[in-house]
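The values are calculated or read from the model by the stated rules, or taken from the named source; none is laboratory data. Values in this document were obtained by computation on a predicted structure and should not be read as measured data. So basically every Cβ, Gly included, is an ideal-geometry build from the backbone, and we count neighbours across all protein chains shown. Accessible surface is based on the protein model in full, side chains and every heavy atom, while ligands, DNA and RNA are left aside. Shrake-Rupley method; radii C 1.70, N 1.55, O 1.52, S 1.80 Å.
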Amino acid sequence: MKSDNAKKGLERAPHRALFKAMGYTDTEIQRPLVGIANSANSIVPGHIHLDKIVEAVKVGVTMAGGTPIEFGVIGVCDGIAMNHIGMKYSLGSRELIADSIEVMATAHALDALVLVPNCDKIVPGMLMAAARLDLPTVVVSGGAMLAGRHPRTGRKVDLITVFESVGAVKSGRMTESELLEIEEAACPTCGSCSGMFTANSMNCLTEAIGLGLPGNGTIPSVMAARIRLAKQAGMAVMRLYEKGITPRQILTQQAFENALAVDMALGCSTNTVLHLAAIAAEAEADFDLNMINTVSKKTPHLCSLSPGGKDHIEDLNRAGGIPALMKTLAASGRIHGECITATGRSVARNIEGAEVLDPDVIRPVDAPYHEHGGLAVLFGNLAPEGCVVKQSAVREEMMQHEGPARVFESEEAASEAIMAGEIRKGDVVVIRYEGPMGGPGMREMLTPTSTIAGMGLDAHVALLTDGRFSGGTRGASIGHISPEAMAGGPIALVREGDIIAIDIPNNAITLKVADEALASRQAEWSAPEPRIQRGYMSRYARMVSSASRGAVVQNR
C-alpha cells in the first residue's frame with residue numbers, strides 16, 4: 001500500500017498519532033486509505049447536494065474494506081460567473097483542481113481515489129488529476145437537475161431559455177414579466193443544468209471513457225439511484241485497488257475514440273474538445289483536432305438534446321442512458337468493446353443488457369438526426385491550428401455563410417452592440433483577445449450568443465472568437481480560434497468589413513484578404529497589455545498553451 005509510507009513501522013508512530021487525533025482506529029489505519037475529493041459548496045447548484053453523494057461513497061468504501069478520507073476541492077459555477085470578470089477564472093480553475101488533488105493525494109500517500117464533481121471545469125480537472133496520479137480511481141458525479149416547466153404553457157425550460165429570453169426582452173419579443181416566469185421555473189432542482197451543456201457532456205463522457213460507472217452521466221440528481229450509484233462507486237474503487245487497475249490502463253487511445261464517438265452521437269459541448277485534449281495530455285495518449293473530424297464523419301448524431309434539440313438529460317436517462325447509446329454504436333462497429341472500465345469489466349460486458357427504451361430520444365444509426373456527429377473542427381487562414389463549432393446546433397441555412405466582419409476587442413463590447421441592435425443580418429461578429437492568454441482564461445460567450453438567438457438572428461448571424469462557448473450555446477458560433485489574437489494569430493489581423501467565409505460541411509473557414517495584405521498587417525501588429533497583471537490569472541496567462549492543445553498549463 002502507498003499509504004504504508006505514512007502509517008507503517010516504528011518511525012510512523014507520530015503519523016498514526018495524528019490519525020488517532022481525528023478518531024481513526026488502528027483497524028481503519030491499517031486498511032487502504034481512499035481519498036474522496038469532495039467539491040461540495042453552496043454557490044454551485046450542481047454541487048450544493050454533493051455532501052450526500054460523498055456520504056454514500058464513504059459507505060461504499062467502508063463496506064468494501066477501505067477507509068474513506070474526505071478532502072475539499074473548489075468549484076466555479078459558470079452560469080453565475082458568466083459575462084463579468086469571474087468568467088476569466090473558470091477555465092483556470094480546472095488546473096487548480098487538478099493540482100490540488102495531486103497535492104492532497106501525494107502528500108498523504110493515499111492508495112485510491114473517488115472523485116465527486118458535477119459541473120463544468122470540476123469534472124475535467126478531476127479527470128486530469130486521475131490521469132496524472134494513476135491511482136485506482138472512480139468518478140461519480142452529482143447528476144443533472146430536472147428540466148423546468150413553463151407555468152402556463154407546460155413546455156420545458158432550462159437555464160439557456162433564461163439567457164435567450166433576455167435577448168427576446170431586449171428585442172421587444174417578450175415582456176419582463178414573462179421573463180420572470182421563466183426565470184423562476186427554469187432550474188427547479190439541484191444538479192448540473194439539465195441540457196447537454198458542458199457539465200453533462202463531461203459527465204456522460206466520463207462514463208463513456210470508462211472512469212465512471214454506468215449511469216454516471218444521466219441519472220438525475222434527485223433520484224435515489226444516484227445515491228445507490230455513489231455507494232457502488234465506493235465499492236468499485238476497492239475492486240480496482242485489489243485488481244491493480246489504474247486510470248492509465250483505462251484511458252487508452254481506444255477509450256478516447258469511444259468518448260469521441262459518444263460525444264458526436266450526443267451533440268456535446270464544444271468545451272469537450274478542450275477537456276479531452278487536456279486529459280489526454282495527462283494520460284500521455286495521442287489526441288489532436290483531426291481526430292474530431294475523423295470520428296464525426298463516421299458517427300451519426302443520434303440524440304437531439306437541449307440546446308440544439310427538444311430533449312434533456314432526464315429523457316436520455318429514461319431512454320436507456322449512455323449504455324444504450326454505446327450499445328447502438330457498438331452494433332455498427334463504432335465502439336471498442338474491449339476497453340476496460342471502472343467496473344473492472346470491459347465496455348462490451350457493461351452494455352450487454354442495455355436497451356434503447358425510446359427510439360426517438362436515442363435514434364437508430366440508420367435514422368439519425370444528422371448524418372455526421374455533433375462537432376466539427378474548421379481549418380483555414382483564419383484558424384491555421386483549427387477552431388470548433390457545435391454543428392448539430394447550427395441552423396441549416398448557416399452551415400455555409402459569407403459576410404462582413406464586425407470586429408470587437410472584448411465580449412462586453414460585442415454584447416453592447418448586439419443588444420443595441422447594431423448587428424445586422426448577414427454579419428459575422430468577431431470577438432478577439434478572449435483566448436487562454438488574451439482573456440485571460442478563455443471566457444465563455446453565452447451572453448452574446450444567447451442574445452443573438454433570443455433576437456431571432458441565429459439564422460442570419462455568425463459569431464467567431466478565440467474564446468469559447470457555453471455548452472448551452474446554439475447557432476453558428478465558432479470558437480477556440482487558434483492561434484489566438486494575443487499570440488498574434490490571424491484573428492488579430494481581421495478588420496471591420498473584411499469578408500469571412502464559413503463552410504462547416506467542408507471544415508473550412510477563410511478570411512478573404514490577400515496574403516500580402518495580411519503580411520503587412522502582421523508587421524504592424526503588437527500585442528496589447530495583459531488585462532490582468534497580478535495574481536493567479538496573470539501567472540496562468542504566461543504559462544497556458546493554445547486552445548488547440550487543450551489550454552493546458554505548460555512546462556509541468
Can you figure out the FRET efficiency of Glu338 with Glu416, using R₀ = 56 Å and their beta-carbon distance, to the nearest 0.05? 0.55
Protection proxy ranking of 487-494, 46-53 - average other beta-carbon atoms within 10 Å, highest first: 46-53, 487-494
Relative to the chain, whose Cα atoms define the longest principal axis, helix 321-331 and its Cα axis are tilted in degrees, nearest 10, by 80
Order by protection proxy (mean Cβ within 10 Å, highest first), peptides 149-158, 77-86: 77-86, 149-158
Cβ-based charge dipole, the stretch 1-96, positive-most Cα from Phe19, Val61, Ser39: Phe19
Given Cα pairs under 8 Å that are at least 6 residues apart, what percent is the relative contact order of the chain? 14
Any lysines with Cα under 21 Å of the Lys298 Cα? List them, leaving off those in the same chain fewer than 8 positions away. Lys327, Lys390
Cross-link reach list, lysines versus Lys7, counting only Cα pairs under 18 Å and skipping chain neighbours closer than eight places: Lys20
Tell me which label goes with the value of Rg and Dmax of the Cα atoms in Å computed from the coordinates here: (i) 28.7, 112; (ii) 36.1, 122; (iii) 23.2, 76. (iii)
Sort the following peptides by mean Cβ neighbour count (other Cβ atoms within 10 Å, averaged over residues), highest first: 248-257, 22-31. 248-257, 22-31
Env charge @ Tyr241, Cβ radius under 12 Å, K,R +1 / D,E -1, value +2
Say the dipole of the stretch 127-262 comes from +1 at the beta carbon of Lys and Arg and -1 at that of Asp and Glu; which of Gly210, Leu180, Ala259 then lies farthest toward its positive end? Gly210
Could you work out how far helix 253-266 tilts from the main Cα principal axis of the chain, as a 0 to 90 degree angle to the nearest 10? 50
Check: the chain dipole with +1 on Lys, Arg Cβ and -1 on Asp, Glu Cβ, in debye: 1420
Quickly work out the Asp366-to-Lys425 label distance, labels modelled 7 Å from Cα along the C-beta direction, and quote it in nm with one decimal. 4.1
Please determine, in degrees from 0 to 90 and to the nearest 10, the orientation of helix 122-133 with respect to the longest principal axis defined by the Cα atoms of the chain, where the helix direction is its Cα long axis. 50
Considering only Pro368, Gly9, Val430, whose Cα is most displaced toward the positive end of the charge dipole of the chain, charges sitting on Cβ of Lys, Arg (+1) and Asp, Glu (-1)? Gly9
Charge dipole magnitude, Cβ of K and R +1, D and E -1 - the stretch 1-122, Cα centre, debye nearest 20: 200
Given the C-alpha atoms of the stretch 374-417, compute the convex hull and give its volume per residue in Å³. 120
Neighbourhood net charge (11 Å Cβ-Cβ; Lys/Arg +1, Asp/Glu -1) for Gly426: +1
Per residue accessible area of the chain, 1.4 Å probe, in Å²: 36
